[in-house]
Amino acid sequence: MDARDEMLRLIQNRRQGYSLPRPFYNAPDFYRLDLELIWYREWLFVGHECEIAKPGSYFTVQVGDYPVVVVRGRDGIIRALHNSCRHRGSRVCTGRKGTAARLVCPYHQWTYDLDGSLLFAREMGEAFCKEDFSMKPVACESVAGYIFICLAEEPADFTPFRETMEPYFAPHNLAETKVAHEATIIERGNWKLVWENNRECYHCSANHPELCKTFPEAPTVTGVSGAEKDPEIMEHWSRCEAAGLPSRFRIDEAGQYRVTRAPLLRDAVSYTMTGRPAVKRRLSDRVSERIGTLMLYHYPTTWNHILGDHAVTFRVLPLSATETAVTTKWLVHKDAVEGVDYDLKELIHVWTETNDEDRRIVEENALGVKSPAYEPGPYSPVHEGGVIQFVEWYASFIGPRLAEGADTKLRRVA
């Protein structure tokens, strides 16, 4: 039995409401199938429009085997390109980010315009047609300051997500922000363990003293049900919506993304140790301080907290079966001045500590799952509804795709 057949068998026979069998969290063959059937097919959050605000500015990202460069053209359009030269395959852009008038491969200096079209290739002979060797495009969409890419040849329709997200995020004007700080940590655990840890606050009181000063642990906030019966959340939604801010919990039919606003604890308005604003200048004049947090989850790459004074965004990228990169960015108004409008240490303290605490949790979880004695355990239906929903999403997306592969193999044998 090959890895595809084994994964399909385990998906079909898994016990609902329980964690996944061990291979899903550490088997290299299962990881390759995750890449092929999830990461190379779904829309992935990669960065923010504000990071490439000027023509020629770019950043790079690695998704599995695919190096990608995201660049703003002279026409202002943001595009994504496979970061592989059409000559002999070298990466064209080798830095993490930068600005360039042209994209020049460092190997033999093949030169591309910002839209990926080949401008110059030295001494390639008279029969060479440079129009045939543009950098290959990657599907790319921008919405409310966020940039998503999709590596699939036929990407899923992005419109439903855009129509859900944009009304919630547009008032925050995130396209007019800047990244005040960025940090990437490598968690020695499978990307699904990272997500499972994120999708519950069952662990928060014992592990996150900084976050628990402002963020509620209530399952109606962290889960996917019950918010409509929580009077504090209902009052918060009513107040925000009266101010013109969409707030109610929305989740797509497939369970891949959801968005809602949630109140912070007591009088807190920001993720600081005091609960007071971390930034004097609000993100947008359309948004007051007392809006709690706007939360967006989009599997498999991002969760987000958007406040009145700043935004904290998270990007998840798998590195191997047992390693995951989590990148956190703190966004502030583009004209906010460090040392005047905000103190950087205060701004990043809560989530810097929380991220490191979560890294430790994930790594201990991964070490325990690695044991041959591990077997799937039950999730708490009260506190881990979000984890249950994540695992259901994963199984519902990868299961049919595994079955498609099995059907294809059977047809080939016949």
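Given the pairs 97/345; 136/178; 229/329; 97/213; 229/345, which span a C-alpha to C-alpha distance of over 26 angstrom in this model?
Details: 97/345 24 Å; 136/178 29 Å; 229/329 33 Å; 97/213 35 Å; 229/345 38 Å.
Long pairs (Cα-Cα over 26 Å): 136/178; 229/329; 97/213; 229/345.
Of 98, 168, 151, whose Cα points farthest to the positive end of the dipole of the chain (charges on the beta-carbon: +1 Lys, Arg; -1 Asp, Glu; origin at the Cα centre)?
Value computed over the given set: 98.
Using the basic label-point model (7 angstrom from Cα toward the beta carbon), what is the residue 273 to residue 238 distance in nanometres?
3.7 nm
Over all pairs of distinct alpha carbons, what does the Kirkwood formula give as the hydrodynamic radius of region 194-239, in Å?
About 11.6 Å, per the Kirkwood formula over Cα pairs.
Rounded to the nearest 0.05, what FRET efficiency do residue 90 and residue 188 have when you use their Cβ-Cβ distance and R0 = 30 Å?
Numbers: r = 30 Å, r/R0 = 1.01.
Efficiency for this residue pair is about 0.50.
Any idea what Rg and Dmax come out to for region 35-165 if you just take the C-alpha atoms, in Å?
15.1, 52
Cut-off 10 angstrom, C-alpha nodes, Gaussian network model of the chain. Which of 43, 351, 110 fluctuates the most?
Checking each option, the largest mean-square fluctuation is seen for 110.
Run the numbers for residue 154 and residue 325: contour at 0.36 nm per residue of separation, minus the present Cα-Cα distance, in nm. Could you put the intermediate results ahead of the total?
Working: separation 171, 0.36 × 171 = 61.56 nm, distance 2.66 nm.
Using 0.36 nm per residue and subtracting the Cα-Cα distance, I get 58.9 nm.
Select from region 223-285 those GluC sites (Glu not before Pro) which occupy a DSSP coil region and have at most 14 other Cβ atoms within 10 Å, ordered by residue number.
Passing sites in region 223-285 are 253.
Sort by residue number and report every cysteine in the chain with no other cysteine beta carbon within a distance under 4.7 Å.
Lacking a cysteine Cβ partner under 4.7 Å: 50, 93, 129, 140, 150, 212, 240.
Would you please classify the overall shape of region 152-201 from the alpha carbon gyration tensor, given that a ≥ b ≥ c denote the square roots of the eigenvalues, rounded means a/c under 1.5, and beyond that prolate means a/b larger than b/c while oblate covers the rest?
Note, shape of region 152-201 comes out oblate.
So, with a 1.4 angstrom probe, what is the percent of accessible area on region 51-122 that is carbon and sulfur? Each step should come with its number before you reach the end.
On the way: 1610 of 3320 Å².
Carbon and sulfur together cover 48 percent of it.
Is region 255-414 rounded, prolate or oblate when judged by the Cα gyration tensor, a ≥ b ≥ c being the square roots of its eigenvalues, rounded requiring a/c under 1.5 and prolate requiring a/b larger than b/c? Walk me through the numbers on the way to the answer.
Values: a/c = 2.37, a/b = 2.02, b/c = 1.17.
Prolate.
In debye to the nearest 20, how big a dipole does region 112-250 give about its Cα centre with +1 on each Lys and Arg Cβ and -1 on each Asp and Glu Cβ?
480 debye
Considering only 78, 185, 306, give the residue with the highest GNM mean-square fluctuation for the chain, with springs between Cα atoms whenever their separation is below 10 Å.
Of 78, 185, 306, the Gaussian network model singles out 185 as fluctuating most.
Tabulate in residue order the Karplus-calculated ³J(HN,Hα) for region 194-202, using 6.51 cos²θ - 1.76 cosθ + 1.60 with θ = phi - 60°, rounded to whole Hz; enter x for Gly and Pro.
Once θ is set to phi - 60°, the couplings for region 194-202 become 4, 5, 4, 5, 5, 7, 8, 10, 4 Hz.
Translational diffusion coefficient, Stokes-Einstein: compute it for region 261-337 using the Kirkwood radius over C-alpha pairs as Rh, at 25 °C and 0.890 mPa s, and state it as an integer in µm² s⁻¹.
Values: Rh = 13.6 Å.
Estimated via Stokes-Einstein, D reaches 181 µm²/s.
Along its principal axes, what span do the Cα atoms of the chain show, with the longest given first and each in whole Å?
In descending order, the Cα extents are 74, 60, 34 Å.
Which FRET efficiency value, to the nearest 0.05, is calculated for residue 16 and residue 120 with the Förster distance at 60 angstrom and r the Cβ-Cβ distance? Please report the intermediate quantities before stating the final value.
Values: r = 58 Å, r/R0 = 0.96.
Rounded to the nearest 0.05, the efficiency is 0.55.
The values are calculated or read from the model by the stated rules, or taken from the named source; none is laboratory data. As the structure is a prediction and not an experimental result, all values here were calculated from the model. Positions of Cβ are generated from backbone atoms using ideal geometry, with glycine treated the same way; all protein chains shown enter the neighbour counts. Note: accessible area is taken over every heavy atom of the protein model, side chains too, but ligands, DNA and RNA are not part of it. Shrake-Rupley method; radii C 1.70, N 1.55, O 1.52, S 1.80 Å.
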